[in-house]
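Working notes, structure below.
The values are calculated or read from the model by the stated rules, or taken from the named source; none is laboratory data. Predicted model only: the values in this text are computed from it and were never measured. Cβ placement follows ideal geometry from the backbone for every residue including glycine, while neighbour counts extend to all protein chains displayed.
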Amino acid sequence: MPDLSLRAVIAGNIDDVRALAPHAAQQDFIASNAESLALAAAHPHMHARTIYAGEVLAGFALYAEPGPAGRQDTYVLYRLMLAAGWQGQGLGRRALELLLGEMRARGATRVALYYAPANLIARQLYASAGFVETGIDADGEMMAVRTPA
């Protein structure tokens, strides 16, 4: 199994990040990486991260530190995606653990995330990592929380 690492999005990989795509059946479950990168550029408390398997770009993640409003102990994982060819190898769980570790190192004690209720793979992944569903939000997405982070 390849070493997994989180790295910054930089000029040298941003086009490759934009081009990453999940399986076609998952397209409706997650915003495009281009949309996510635009969101991150507009909000300084957001962190766009690449997921590398060895030296190969395999995925993308986006999370936010607490903003000026809301709970100051809560980080939000907005995106976690692996390109289609990297799925089904246990990398999603490993990437999630790396992301949670990075958030804890920045001070997170609670992590929230949202996903489409029909995304059974995401539901299973997050439940296995200790996230507890708290209900459907106004946008129709399931919210889940992990405490401690």
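If only one of Ala19, Ala31, Ala38, Ala11 is touching a strand residue (DSSP E or B) at 6+ places or on another chain (Cβ under 8 Å) and over 19 Å from Arg104 (Cα atoms), which one is it? Full working, then the answer.
Values: Ala19 fails: touching a strand residue (DSSP E or B) at 6+ places or on another chain (Cβ under 8 Å); Ala38 fails: touching a strand residue (DSSP E or B) at 6+ places or on another chain (Cβ under 8 Å); Ala11 fails: touching a strand residue (DSSP E or B) at 6+ places or on another chain (Cβ under 8 Å).
Matching residue, one of Ala19, Ala31, Ala38, Ala11: Ala31.
Inside region 14-91, counting only strands (runs of 3 or more DSSP E) that do not spill past its ends, which hold 3 or more residues that are touching a Pro at 6+ places or on another chain (Cβ under 8 Å)?
The qualifying strands (runs of 3 or more DSSP E) are 74-82.
Please work out if Leu82 is surrounded by 14 or more Cβ atoms within 10 Å (Cβ to Cβ) and modelled with pLDDT of 95 or more.
Taking the combined requirement at face value, the residue does not satisfy it.
Are any residues in region 107-135 assigned to a loop (DSSP other than H, G, I, E, B) and either exposed (fewer than 12 other Cβ atoms within 10 Å of the Cβ) or aliphatic (A, V, I, L, M) (or both), and if so, which ones? Write out each step before concluding.
We begin by selecting, within region 107-135, every residue assigned to a loop (DSSP other than H, G, I, E, B); these are 107-109, 116-119, 129-131.
Ala108, Ala116, Ala118, Ala129 - these are the residues of region 107-135 that are assigned to a loop (DSSP other than H, G, I, E, B) and either exposed (fewer than 12 other Cβ atoms within 10 Å of the Cβ) or aliphatic (A, V, I, L, M) (or both).
Each row is one residue, and each column tells you yes or no for (1) free of Cβ contacts under 8 Å to residues at least 60 places away in the same chain; (2) within 20 Å of Gly90 (Cα to Cα); (3) surrounded by fewer than 16 Cβ atoms within 10 Å (Cβ to Cβ).
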position	(1), (2), (3)
Leu4	no, yes, no
Ala8	yes, no, yes
Ala11	yes, no, yes
Asp16	yes, no, yes
His23	no, yes, yes
Gln26	no, yes, no
Asn33	yes, no, no
Ala38	yes, no, yes
Pro44	yes, no, yes
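I'd like the residue in region 136-149 that is closer than 19 Å to Gln72 by Cα and assigned to a loop (DSSP other than H, G, I, E, B) and, out of all such residues, is modelled with the highest pLDDT.
Per the criteria, the residue is Thr147.
Kindly indicate whether Leu98 is closer than 23 Å to Thr134 by Cβ and at pLDDT 95 or above.
Working: closer than 23 Å to Thr134 by Cβ: no; at pLDDT 95 or above: yes.
It is false that Leu98 is closer than 23 Å to Thr134 by Cβ and at pLDDT 95 or above.
Please go through region 86-106 and pick out each residue that is surrounded by 14 or more Cβ atoms within 10 Å (Cβ to Cβ) and more than 18 Å from Arg146 (Cβ to Cβ).
Trp86, Gln87, Gln89, Leu91
Could you list, ordered by first residue, the pairs with Cβ atoms under 9 Å in which the first is in region 55-75 and under 19 Å from His23 (Cα atoms) and the second is surrounded by fewer than 14 Cβ atoms within 10 Å (Cβ to Cβ) and among the basic types (Lys, Arg), at least 6 apart or interchain?
Leu57/Arg7
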